[in-house]
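The values are calculated or read from the model by the stated rules, or taken from the named source; none is laboratory data. Worth saying up front: this structure is predicted, and the values here are computed from it rather than measured. Glycine also receives a Cβ, built like all others from the backbone with ideal geometry; neighbour counts cover every protein chain displayed. Areas reflect the complete protein model, heavy atoms only, side chains present, ligands, DNA and RNA absent. Shrake-Rupley method; radii C 1.70, N 1.55, O 1.52, S 1.80 Å.
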6 protein chains.
Amino acid sequence: MEERREPDYQYTEAEVAQRSRIAATFLSSRASLNEIVTAADNFLVKRFYNIDHNTYLEGEIPAKYKELMGLVISAGLRCDDCINYHIIQSFRLGASRQEQEESLNVALVVGGSIVVPHLRRAYALLAELYPAA
Amino acid sequence: MEERREPDYQYTEAEVAQRSRIAATFLSSRASLNEIVTAADNFLVKRFYNIDHNTYLEGEIPAKYKELMGLVISAGLRCDDCINYHIIQSFRLGASRQEQEESLNVALVVGGSIVVPHLRRAYALLAELYPAA
Amino acid sequence: MEERREPDYQYTEAEVAQRSRIAATFLSSRASLNEIVTAADNFLVKRFYNIDHNTYLEGEIPAKYKELMGLVISAGLRCDDCINYHIIQSFRLGASRQEQEESLNVALVVGGSIVVPHLRRAYALLAELYPAA
Amino acid sequence: MEERREPDYQYTEAEVAQRSRIAATFLSSRASLNEIVTAADNFLVKRFYNIDHNTYLEGEIPAKYKELMGLVISAGLRCDDCINYHIIQSFRLGASRQEQEESLNVALVVGGSIVVPHLRRAYALLAELYPAA
Amino acid sequence: MEERREPDYQYTEAEVAQRSRIAATFLSSRASLNEIVTAADNFLVKRFYNIDHNTYLEGEIPAKYKELMGLVISAGLRCDDCINYHIIQSFRLGASRQEQEESLNVALVVGGSIVVPHLRRAYALLAELYPAA
Amino acid sequence: MEERREPDYQYTEAEVAQRSRIAATFLSSRASLNEIVTAADNFLVKRFYNIDHNTYLEGEIPAKYKELMGLVISAGLRCDDCINYHIIQSFRLGASRQEQEESLNVALVVGGSIVVPHLRRAYALLAELYPAA
């Protein structure tokens, strides 16, 4: 029953895309690939997407922290698309740059230097989303 | 400079060990193995442990959420010892059972059914730490 | 709509447990841990288990081959519990020992020697399920 | 002794490349990189390639299902090149689109949402190989 | 043609087992499981074992360093059996404790804190193999 | 106290970049991304980079072999950027092409065919660094 309220976003995806070229490129390529998946209309894929959506809703843990958790595990599992996605989602929910960096630090210490190439690309996105502190 | 204050624990490790047999077994085996590592006195291992310790201190993100992040990535990377450790740490910092489960849900959806055997063992520990809701 | 018919098992779990001590130990420990998860009654975990169940039903691909696919990916991701589970399920659906070994060979060549310790334990289970060819 | 007959392909690689721009790009880049590896003439690499080739031959399990198993584990281990390769091989051996999707569903549920970015790219290739259902 | 001379071991497996209870337990359980695999007499498994054996022979890189490389990647991929095996092999080829620790440090920094539980168990084995420096 | 002397490089990064277009592209993109990370000046990232640097210094194990170990684990964990980096570092420390290939063979046999796409790209870099044997 819990974990079900949609979060209140401070920015739309379109606003994020306007702030950051990296985000814009990622969001548009993700959207067009998702169209192909949607067209296929696979029953189990749709059910999986549905669970995925529900996992990050407001609950006992605020949605912002859930998205940052998504960032930590994505960086630990070294998935650039997933990292981009959760950085953008966390940004949209008001996460500060410092919170994003602290999350990436958890992934770095747990996942090791193998995470560093992804960390570099993550920082490039952060630099665009949070210009000139 | 940030990320440096020690968190205030609501329970000691000894109190956790008294509540849960699983936790007691884990904590005691971890302690005796850590003694062996400490005795070796390896310079870089000590430096690594130091970074590790600093990563989870109070910062912009409260220590409780950092420990839950540690839980999410540990479950995603499927490390039982790490899962036990971060469940215990989160418990000591006041995380509710619901918060622990929501964190595990992030790991489950991101990491897939390969996480399930670890989830089962995690729930066995949760059942001991949070008896009879 | 497809992928929905329950497969016809040639053996019950109880019959498998009678044939193999390794299977018996695994199935009983899995059952008692699953009880703990079930008691927790977590909404998203239940939904995930539901998708998981549906994935392996009869479809365009016969259930036997789906279970062997589950075996291949479980060995590739090095999860002993998952390997045991899918070997047992494949056995229950009539897979021959040769089919089980060919599946493990795919996992071995794709996953490398890091799979070997799991392969050894898998062969111990196979030796009990398919005695004296 | 078993697992040794070459499968009968319904399509050549050239025919696949003509059907799909994604396949064409992948196959040509793979071929030119393989030339560099072949030129190096490393003894153990050649032996490994030989085992790899033998693993997917006709056996107790038909080659088509072995290639789909290769797809499942490749998606589970998140290797785009390997996913492309096994989708193409399965297509060449007559796998239907539905069989490819059911295989990807096993990888999705076992591997979790971290597989989704690879699933999207896989669906883009499937859309070109199996146009307009 | 290269990479083919058998290395000269300074200790037999039996001598290692006498020095360390952890090694003895590991070696005996590995031997009895390997018997089961050998009895199955699977063609591709045997070929794979053959490549595996050839990989660690004396070559341009001395066998001792190859075994330490095996240790590093085993720790990075978090396989306790593989870690035990390569620590023992390196010991048999004359690696010092310091060389073993430096190798583990590479795995720790590359693989992160997720490696730590395996590091602890590796140090327990090292403590038995190299008593009281 | 040990593991602390800087190695003597036989080539500068600039010299490597002149020999190989692949290396040049990698080194320049890595440098510009590292600038972004450096600008962020994150305390724990800097500490992590410091440990990372110290891990590969001259010690009981010569720096050349440590870099080759870094190559083996990077290939095993399938990180192209890390593979490029350690191939270049090993080259700068005088590793022969044969030593690089023997190291990649350890990664191939331990990591399996999932490593092959990375092996291909590694061989493309090796072909540029060690032209016409």
#### Entry: Within 10 Å of each Cβ in D:48-57, the average number of Cβ atoms from other chains
6
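Write out the trypsin sites (Lys or Arg not before Pro) in region F:1-105 meeting two conditions: DSSP loop, and at most 11 other Cβ atoms within 10 Å of their Cβ. Don't skip to the end; give the middle numbers.
On the way: sites: F:4, F:5, F:19, F:21, F:30, F:46, F:47, F:64, F:66, F:78, F:92, F:97; in loops: F:4, F:78.
The qualifying sites are F:4.
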### Message
Which one, C:115, C:126, C:83, is farthest towards the positive end of the dipole of region C:67-133 when Lys and Arg carry +1 and Asp and Glu -1 on their Cβ?
### Response
C:115
### Message
I'd like to know how region C:65-133 sits against the 2.2 N^0.38 Å rule of thumb: what's its Cα Rg over that expected value?
### Response
0.96
### Query
Chains A and F: buried accessible surface, both sides, probe 1.4 Å, rounded to 100 Å²?
1500 Å²
### Task
Tell me the distances, shortest first, between residue A:131 and the same position across the other copies, using label points 7 Å along Cα→Cβ, in nm to one decimal.
4.4, 4.4, 5.9, 6.8, 7.6
### Query
With no solvent and one point per C-alpha, what does the Debye sum give as log10 I(q)/I(0) for the protein assembly as shown at q = 0.05, 0.09 Å⁻¹?
-0.24, -0.85
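Per residue of F:78-91, how many C-beta atoms from partner chains lie within 10 Å of its own C-beta, taken as a mean? Mind dumping the intermediate values first?
Values: counts 5, 8, 1, 6, 5, 0, 1, 3, 1, 0, 0, 0, 0, 0.
Across the residues of F:78-91, the mean count of other-chain Cβ atoms within 10 Å is 2.
Once you charge only the Cβ atoms, +1 for Lys and Arg and -1 for Asp and Glu, what is the size of the charge dipole of region A:37-97 about its Cα centre, to the nearest 20 debye? Walk me through the intermediate numbers first.
Numbers: 7 positive and 7 negative charges, 22 e Å.
It works out to roughly 100 debye.
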### Query
For a paramagnetic label modelled at 7 Å from the Cα of residue C:80 toward its Cβ, which residues of region B:104-123 fall within the zone defined by backbone nitrogen distances under 14 Å?
B:117-118
### Message
Need one number: nm distance between label points at residue E:31 and residue D:5, each 7 Å from Cα along Cα→Cβ, rounded to one decimal.
### Response
4.3 nm
#### Entry: Residue of chain C nearest the C-to-E rotation axis [by Cβ], rounded angstrom distance
C:78, 5
### Query
Using a cut-off of 29 Å between alpha-carbon atoms, which lysines can reach residue E:46, once sequence neighbours fewer than 8 places away in the same chain are excluded?
C:64, C:66, D:46, D:64, D:66, E:64, E:66
### Task
Could you look at region E:25-133 and say what percent of its accessible area is carbon and sulfur, using a 1.4 Å probe and all protein chains?
52 percent
### Summary
To the nearest 10 degrees, the tilt of helix C:21-40 (Cα long axis) against the first principal axis of the alpha carbons of chain C is 20 degrees
### Query
What nm distances, shortest first, do you get from the label point of residue B:35 to those in the other copies when the point sits 7 angstrom along Cα to Cβ?
3.6, 3.6, 5.4, 6.4, 6.5
### Solvent exposure of chain D as accessible area per residue, Å², 1.4 Å probe
38 Å²
#### Entry: With Cα atoms, 0 to 90° folded angle of helix A:80-92 axis to chain A main axis
90 degrees
### Query
How far is residue C:96 from the same spot in each other copy, in nm, shortest first, if each label point sits 7 Å from Cα toward Cβ?
2.6, 4.9, 5.7, 5.7, 6.7
### Area accessible to solvent at residue A:73, 1.4 Å probe radius, in Å²
0 Å²
### Query
How far is helix B:43-55 tilted, in degrees, relative to the longest principal axis of the Cα atoms in chain B, given as a value from 0 to 90 rounded to the nearest 10?
50 degrees
### Query
If you find the alpha carbon centre of region E:10-48 and of region F:31-77, how far apart are they in angstrom?
35 Å
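How big is the Kirkwood radius of chain A, worked out from every pair of different alpha carbons and given in Å to one decimal? It would help to have the intermediate numbers written out before the result.
Working: mean 1/r = 0.0646 Å⁻¹.
For chain A, the Kirkwood estimate is 15.5 Å.
Shielding of E:27-39 by partners, i.e. mean partner chain Cβ atoms within 10 Å per residue? Display every interim value, and only then the final one.
On the way: counts 0, 0, 1, 3, 0, 2, 8, 3, 4, 9, 8, 1, 3.
The mean count of partner-chain Cβ atoms within 10 Å per residue comes to 3.
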